[in-house]
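Report on the structure given below.
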Amino acid sequence: YLQEIELSQETRDLISKLPTEKALISGNLHQYKGFWFPTRYIQGVLASQKHFQAQDTDILLATTPKSGTTWLKAILFALVNRVHYHPDPQNQDHPLLTNNSHALVPSFESNLYFKKQIPDLTSYAPPRLFSAHLPLESLPQSVKESACKVVYLCRNPKDIIVSLWHYTNRLRHRSMGTNSLEEVFQYFCRGVSPFGPFWDHVSGYWKGSLERPETVFFIKYEEMKEQPGLHLRRLAEFLGCPFSPEEEAQGVVDNILRLCSFENLSNLDVNKTGKLSKTGVEHSAFFRRGEAGDWRNCLTAEMVEQLDRITEEKLQGSGLKF
Ligand code: A3P
């Protein structure tokens, strides 16, 4: 279950004035500047906006929750640290074998700025890797003003709903019972989902990637699943660390993908038994099926129709499709 978080008076004053809805696990969601933030993370959102100082060499992974954040964190870590930590199967000392990727790539709202103390990040060696579920509009100003690279990962909303349904039921206190898929579905469709509305979240980054392709990289979970090698190479180019011909010959791309595969990561001891230090969430909760298209086994035809209609309406004219 989730650990409780102590909120500052300032945060309590702010949320008392915001529109509020019940969250799926515990606590509430608060609508702040158009987006719904969970009670337990809103303090981290505000503190990161106030205190985070971006450096030009920083890399920020931004995601919608349940889009494969855990996976892309692992890939980014393995990619940018590949000279220091060889991703080949012989290297039994790779940090990803003994650490969950959330510990290696800390998140603004659920790790770095989660508790009241403001972290000192100046000693982190570049390139610093961070993550956030913040919408583009809410990113710290220094991120937008620096040359910091933003990698944005999203996913088909149908699979997000299914993943969110399983995840939130797993984390809910047993005494509260479970949420039905219908409840989670309707809540998501109303835009009331963590860091949602989903469509506004993706649209913001989609536009950002069109306006500033050199600083915002936009990728879908499904694309990464389908052509992982292609997109990993694109990502390396975007981050300014393309694979050399020697690395290509040594199979470094495949080694990174194998190291970060669902099969490999989900079977490691650290991911079967460990917990996140700040929030107490079990690592295993981040590994379920790891596939695209599970929605076909769960959503009704009516749900699919309703969701497709909303997606089409909200993303109309943007060029973005799911
Ligand atoms: P499913 O619930 O559909 O299986 P997040 O990390 O953003 O919370 O997203 C969790 C989703 O990513 C879960 O989806 C999880 O199984 C999937 N996932 C975790 N690790 C993965 C990996 N290495 N490869 C592919 N998918 C992965």
Return one whole number: the accessible area per residue of the range 247-322 in Å², for a 1.4 Å probe. 58 Å²
Taking every Cα atom in the range 77-123, find the radius of gyration and the maximum pairwise distance Dmax, and write them in Å. 13.4, 41
Contour minus end-to-end for Thr20 and Arg296, with contour as 0.36 nm per residue of separation and end-to-end as the Cα-Cα distance? 96.2 nm
Over the range 194-246, average the accessible area per residue using a 1.4 Å probe and give it in Å², no decimals. 45 Å²
Have a look at Asn264, Pro197, Thr178 and report the one farthest towards the positive end of the charge dipole of the range 174-322, computed about the Cα centre with Cβ charges (Lys/Arg +1, Asp/Glu -1). Thr178
Any idea what diffusion coefficient the range 1-149 gets from Stokes-Einstein, in µm²/s, Kirkwood Rh on alpha carbon pairs, 10 °C, 1.306 mPa s? 96 µm²/s
Average Cα contact separation per residue, the chain, under 8 Å, 6 or more apart, as relative contact order %: 24 percent
Scaled radius of gyration (Cα, divided by 2.2 N^0.38 Å) that the range 201-313 gives: 1.36
Value of Rg/Rh across the range 1-69 [Cα atoms, Kirkwood radius]: 0.99
Output the peptides 216-227, 259-270 sorted from most to least packed, where packing is the average of other Cβ atoms within 10 Å over each peptide's residues. 216-227, 259-270
With +1 on each Lys and Arg Cβ and -1 on each Asp and Glu Cβ, how big is the dipole of the range 99-190 about its Cα centre, in debye rounded to the nearest 20? 180 debye
So if I place +1 on the C-beta of Lys and Arg and -1 on the C-beta of Asp and Glu, and nothing else carries charge, what would the dipole magnitude of the chain be about its Cα centre? I want it in debye, nearest 20. 780 debye
What the 20 Å binned alpha carbon P(r) of the chain shows, as percent of pairs per bin from 0, is 32, 61, 7
P(r) tail fraction, the range 90-244 - alpha-carbon pairs more than 29 Å apart, %: 28 percent
Per residue, accessible area of the range 1-95 with a 1.4 Å probe, heavy atoms of protein chains only, in Å², comes to 47 Å²
Bin width 5 Å, alpha-carbon pairs only: give the P(r) of the range 90-174 as whole percents, running from 0 to the bin holding the largest distance. 2, 10, 14, 20, 21, 15, 12, 6, 1, 0
Where does helix 301-315 land angle-wise versus the long Cα axis of the chain, in degrees 0 to 90, nearest 10? 70 degrees
Apply 1/(1 + (r/R0)^6) to the Cβ-Cβ distance of Ser180 and Asp200, taking R0 = 22 Å, and write down the FRET efficiency to the nearest 0.05. 0.30
What order do Asp294, Asp120 take when sorted by accessible area (1.4 Å probe), most exposed first? Asp120, Asp294
For the range 162-257, just run the numbers: alpha carbon Rg, then divide by 2.2 N^0.38 Å, N being how many residues it has. 1.51
Could you list, bin by bin from short to long, the percent of Cα-Cα pairs of the range 173-217 in 10 Å steps? 25, 32, 24, 14, 6
For the range 236-290, just the Cα atoms, rotate onto the principal axes and tell me the three extents in Å, largest first. 42, 22, 17
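The values are calculated or read from the model by the stated rules, or taken from the named source; none is laboratory data. Predicted model only: the values in this text are computed from it and were never measured. Don't worry about glycine lacking a Cβ; one is built from the backbone with ideal geometry, like all the others, and counts go over all protein chains shown. The area values use the complete protein model at the heavy-atom level, side chains included, leaving out ligands, DNA and RNA. Shrake-Rupley method; radii C 1.70, N 1.55, O 1.52, S 1.80 Å.
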